Amino acid sequence: MSLRRRMIWTRVALAIVFTIGGPFKAGAQGFGPVAEPYTPAADAKDLKAVLFKWMWAMGMLKGHDERDMVASLEYQGKGTLQVDGQPCTLTKYRASTNYQTFSQRINYACTRPNGATYSNVEVVSGLYAWNEDTPGAGIDGTKGKIMPTPGTVEERLVRIWASPQGAPKAALAGTTDTFWLGANPGTLFADGVATAGKTSLSWEDGKPVVSFPIPGVPGATATATLDPKNFTTDRVVVKQGSTTTEFTYGDYQDWNNPLNKIGVLYAGKITERRSGAVIRDLTTNVTETGDVYVVAPVPASVQKAMQATGKLPVGVMAKTEPPVNKAASTPRLGEHPDLTGSWSWNDWIGNYMNGGGRRRSPWQAADSNRTTNQTEDFELYSPSRFGNLGRPIYKPEHWDKVQQLDMWTNKNDPVMTCQPLGVPREGPPRRIYQTDHDITFLYSGGDAGGGYGEFRVIPTDGRPHPKSAELDITYMGDTVGHWDGDTLVLDSVAFTDTTWLGRGGFFHSDQMHVVERFKREGDALLYDVTVEDPEVLAEPYVYPTRVVRRNPNPNAGLVRERGNCEVYETKSISSQIRH
């Protein structure tokens, strides 16, 4: 089979100079035709302006609509932390944080003053906390010791939401009743106010001070003091009852490796004090802020031991599907709904690609613009990385592999070697032709722009798969279908293992089994996918339901010829800025 496909890929190298200084300057600066949803007035000092400037300065706002797209990150540092009341010098410190799932894993090793070594893995995931000696112990048979630590849940959640990126997220979350994921801070409440919801702003000695509740920790209130010139997080003080925890930050830079500078700033110096005593004193080595794979499934033994009864806010994606008429009449072909037609679906990016990236920031070089910013913004905007399609739970032994595949996605992603996206990465079809015994799908590219126009012709008469020896291993799999009432169920096996489930290093084995479900309701097509892969996944990967809209445009299903796909840059990588 030839892997030469019809598409030309381009890659733009990007260099950014970070010299933060001077006040925030409003305005689109002439780059691109798309207007931003919010620009603070000159010298504005209200809560909305401060939150926007804060998240902007931290490099969290991406895309032409400038939304907070930092969902997860990795941090590595050196320094000391307290163990049994004594400072322990770190030989390893790795913190993996997922802000969408209220989870963090800190894996560290250190040397005590007497020369003895100590190591631990501290985990919090929602309302559960535990220590483990092996990352992922207890998940899908991974061996290791697990110790539930219910008394540390709130302390560890505080550490997440008082962090350089966590604090502005928590402050924004406090302004509304909904825990928005990926919101532009300038679009949620009115101008000119000092208080919105449970978040408030004051000014002390010329410095903005933002007060807000800590998500998931009843009674805990944080006060963040910002640098009035650079609007970075300088100090966060969290009070809960009689306990006061203080975090101080400094030396902000893009600490990502030199090949992946994407403009997300992090503190180079971090000090944590509890009741005045230094608990952690860290100096940053390296970060990876491009929404890398971070999951923290809770072991069954921890769930049983803790029996958590609290409640966490449920994150809601701030950018939703456009409205669709489900009440329209549903055409039928014989006894089944007729799925025939052209269909459009929201791939999350929408018009973002048309408008390029965000406007140039005051701390960027003068030659930066929407085009160069789009290159670095895209890796955070990718639907699978950001998490709006959920995240597969891999077996723990594969967690680092997923990250490494993603970090070198420029050479590892099969799209870069002109391979088809395959199922389920193609997403819903763009054109459907249905008969009484089969159905044909035409694709025009899923996963925010990938894909080259694959198709499938699928029997829907309920026949089984051929015997294993007769199966052909393909990109789209061997698919058979049947009707379950008004729902079309497609069952696919026999996949090549060279495709991915999505951007982010989401690989699979040749044992992958995919079940797709289609249900038409008027002008809407509800699309559900479940992926099983016992070789690499700890549990089935269930996608959230996607709503596909009928496209009445008579030209919507026309397929145009595309250029040739060219393979390059797989041996000589000049950038890790990911597509």
**Item:** Accessible-area composition of the range 177-287, carbon plus sulfur, in percent [1.4 Å probe]
**Value:** 49 percent
**Prompt:** Just for the Cα atoms in the range 386-505, what are the lengths along the principal axes, largest first, rounded to whole Å?
**Reply:** 46, 30, 27
**Message:** Could you tell me the ratio Rg/Rh of the range 55-143? Both radii from Cα atoms, Rh via Kirkwood.
**Reply:** 1.09
**Complete:** So, with points 7 Å from each Cα along the Cβ direction, the D205-S119 label distance in nm works out to 4.3 nm
**Request:** Run the quick spin-label model on T152 and T89: label points 7 Å from Cα toward the beta carbon, then report their separation in nm to one decimal.
**Result:** 2.4 nm
**Asked** What net charge do the residues around V123 carry, taking every other residue with its C-beta under 14 Å from that of V123, with Lys and Arg at +1 and Asp and Glu at -1?
**Response** +1
**Request:** Tell me the Kirkwood hydrodynamic radius of the range 214-324 in angstroms, computed as one over the mean inverse distance between distinct C-alpha pairs.
**Result:** 17.6 Å
**Prompt:** Want the number for E566 to S301: 0.36 nm per residue separation, take away the alpha-carbon distance, what's left?
**Reply:** 90.4 nm
**Asked** Expressed as cubic angstrom per residue, what is the convex hull volume of the alpha carbon set of the range 87-208?
**Response** 159 Å³
**Prompt:** Which of the peptides 276-282, 493-499, 49-55 is most tightly packed, and how do the rest follow, going by the mean number of other Cβ atoms within 10 Å of each residue?
**Reply:** 49-55, 493-499, 276-282
**Message:** Relative contact order of the chain, please, whole-number percent, based on alpha carbon pairs below 8 angstrom and at least 6 residues apart.
**Reply:** 16 percent
**Prompt:** Tell me, which longest segment in the chain has none of the GluC sites (Glu not before Pro) that fall in DSSP loops with at most 11 further Cβ atoms within 10 Å?
**Reply:** 1-334
**Message:** Which lysines, if any, have their Cα less than 26 Å from the Cα of K395, not counting same-chain residues under 8 positions apart?
**Reply:** K92, K143, K145, K304, K411
**Request:** Quantify, in whole percent, the carbon and sulfur part of the accessible surface of the range 49-103 (1.4 Å probe; protein heavy atoms only).
**Result:** 45 percent
**Item:** Sites S509 and A366, calculated FRET efficiency, Cβ-Cβ separation with R0 60 Å, nearest 0.05
**Value:** 0.80
**Item:** Binned Cα-Cα distances of the chain, short to long, each 20 Å bin given as a whole percent
**Value:** 19, 51, 27, 3, 0
**Request:** Over the range 356-511, calculate the relative contact order: mean separation of alpha carbon pairs under 8 Å at least 6 apart, over the residue count, as a percent.
**Result:** 20 percent
**Separation of the D438 and N553 label points, Cα + 7 Å toward Cβ, nm** = 2.9 nm
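With 21 Å as the limit, write out which pairs from K467/K519; K48/K229; K169/K239 have Cα-Cα distances beyond it, or answer none.
Beyond 21 Å: K467/K519.
The values are calculated or read from the model by the stated rules, or taken from the named source; none is laboratory data. Because the structure is predicted, anything quoted here is derived from the model rather than measured. Note: ideal-geometry Cβ built from the backbone for every residue, glycine included; neighbour counts use all protein chains shown. Heavy atoms of the whole protein, side chains included, go into the accessibility calculation; ligands, DNA and RNA do not. Shrake-Rupley method; radii C 1.70, N 1.55, O 1.52, S 1.80 Å.
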